[in-house]
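The values are calculated or read from the model by the stated rules, or taken from the named source; none is laboratory data. Here the structure is a predicted model, which means the values were calculated and not measured. Note that we place each Cβ from the backbone using ideal geometry, even for glycine, and neighbour counts take in every protein chain shown. These accessible areas exclude ligands, DNA and RNA; they are computed on the full protein's heavy atoms, side chains included. Shrake-Rupley method; radii C 1.70, N 1.55, O 1.52, S 1.80 Å.
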Amino acid sequence: MPEEISGFSTSPQLLVQAAFEEVACRSMHDLAFLHPTMPVSVSGFTLFEGQWTGCVITPWMLSAVIFPGPDQRWPHRTVSEKLGLQLPYGTMTFTVGELEGVSQYLSCSLLSPLPKALSVEEGLRLMEDCARMLLSLPVSNPDAPDMASRRALLFGRRSVADA
């Protein structure tokens with residue numbers, strides 16, 4: 001077992017794509033919960049705090065994934081170990097996974113199984129949107145009315161106390 005996992009100097013997108021396609025062909029083809037037409041696809045990866053961050057969609061799941069970046073050395077971890085990570089989107093729980101021929105990585109399931117009604121185009125768009133959202137700062141408008149005030153606006157009342 002290696003002591004450390006070496007980072008990727010360039011985006012591992014194509015390696016990750018090929019590894020998940022191999023998993024799909026080798027061991028996931030006859031499972032009842034698979035989406036019948038969803039291909040394996042990997043979003044573009046973005047460097048965030050030195051790590052490659054992106055999303056993967058397969059016939060069985062949509063997940064956020066993180067791989068070690070340039071000049072990084074990750075400790076070798078136990079597969080299925082859980083780690084809480086703070087991303088701009090918020091704190092998320094990731095699970096250690098390992099792709100044969102690629103490396104260990106961190107994965108956070110966003111949707112599993114995929115709804116069979118989800119079209120391929122919707123699935124691919126959802127994957128790209130999720131990849132962008134992971135690294136998007138939450139936006140709040142300090143001038144927006146709070147929930148109680150919005151309800152009051154809907155019902156024509158000046159305050160919740162008027163209800």
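Before moving on, here are some points about what is shown:
- Across region 97-137, counting alpha-carbon atoms alone, Rg and Dmax equal 12.9, 34 Å.
- In this view, the solvent-accessible surface of ARG125, computed with a 1.4 Å probe and all protein chains in place, comes to about 140 Å².
- Candidates per GluC sites (Glu not before Pro) in region 1-88, loop by DSSP, up to 14 other Cβ within 10 Å: GLU3, GLU49, GLU81
- Multiplying each eigenvalue of the alpha-carbon gyration tensor of region 1-62 by 5 and taking the square root yields semi-axes of 26, 15, 9 Å, largest first, rounded to whole angstroms.
- Ligands, DNA and RNA excluded, the heavy atoms of SER6 present near 60 Å² of accessible surface to a 1.4 Å solvent probe.
- Around the amide H of TRP52, modelled in the peptide plane, lie the amide H atoms of PHE67, GLY69, all under 5 Å away and 5 or more residues distant in sequence or on another chain.
- A probe of 1.4 angstrom, applied to the heavy atoms of all protein chains, finds PHE45 with accessible area near 20 square angstrom.
- Accessible surface ranking for CYS130, CYS55, CYS25, 1.4 angstrom probe, highest first: CYS25, CYS130, CYS55.
- Tail fraction, Cα-Cα pairs, region 38-102, threshold 20 Å, whole percent: 29 percent
- Here the simple spin-label model places points 7 Å from the Cα toward Cβ, and for CYS25 and ARG132 these points are separated by 3.2 nm.
- In region 1-146, Cα pairs under 8 Å separated by at least six residues give a relative contact order of 26 percent.
- At q = 0.17, 0.19 Å⁻¹, base-10 log of I(q)/I(0) for region 1-117 (Debye sum, equal scatterers on each alpha carbon): -0.85, -1.06
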